[in-house]
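*Asks:* Take a look at the following structure, please.
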């Protein structure tokens, strides 16, 4: 049974893992209250460390948010890569695999997804790790587009431009879904997947040689 003393006792973390502990605490707070509620003192309290501890790794709130967003892009990339390993090499199935992973990630992490792409809290290019993490996700789209071009099933134009079109579509579906703007189409079991597949199919027909 937990006592008041148990609840007040600082949480423990592995030596040298303070930065990750603070990022995880920030992620929890983001999911509970949104970015506006984040500040270094509150994150320190949630992580069970002193108010001064966060300044060993983060100069200010913006630095912490950049680290949280960077972690978000790493998780998104991992989810996309995991999904791609489960689908065939067919271009449309690869595109759908990316789309499904992207929309599922948004549904599972709506506040994180909003913050990752808000563009209001921080300037992404000012934080090299965050900038690179976002580019890693973009490169996954590029690789699938290039693979489809090599197979002769996607038109042979600038793959970066096509990847941008793909990302625009996926982000639109994802954000409209988590903001409940796609009802009734996304309602019920498989609703979001059905909308996602239809959107990818329409895009693929526009990108293909057919």
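*Asks:* Compute the long axis of helix 18-33 from its Cα atoms, compare it with the longest principal axis of the Cα atoms of the chain, and write down the angle in degrees, 0 to 90, nearest 10.
*Replies:* It works out to around 70 degrees.
*Asks:* Round to a whole angstrom and tell me the spacing of the C-alpha centers of the range 14-87 and the range 151-201.
*Replies:* Their Cα centres are 28 Å away from one another.
*Asks:* Taking R0 as 30 Å, what FRET efficiency do you get between residue 132 and residue 193 from their Cβ-Cβ distance, rounded to the nearest 0.05? Let's see the in-between values first.
*Replies:* On the way: r = 30 Å, r/R0 = 1.01.
My answer for the efficiency is 0.50.
*Asks:* Helix 91-108 versus the longest principal axis of the chain: what angle, 0 to 90°, nearest 10, using Cα atoms?
*Replies:* Once rounded, the angle reads 30 degrees.
*Asks:* Which of the following values of Rg and Dmax of the Cα atoms in Å was calculated from the structure shown: (i) 16.5, 54; (ii) 18.3, 57; (iii) 19.9, 68?
*Replies:* Computing Rg and Dmax of the Cα atoms in Å and matching it to (i) 16.5, 54; (ii) 18.3, 57; (iii) 19.9, 68 gives (iii).
Each value in this text was obtained by applying a stated rule to the coordinates, not by laboratory testing. In this text, all values refer to a predicted model and were calculated from it rather than measured experimentally. Note: ideal-geometry Cβ built from the backbone for every residue, glycine included; neighbour counts use all protein chains shown.
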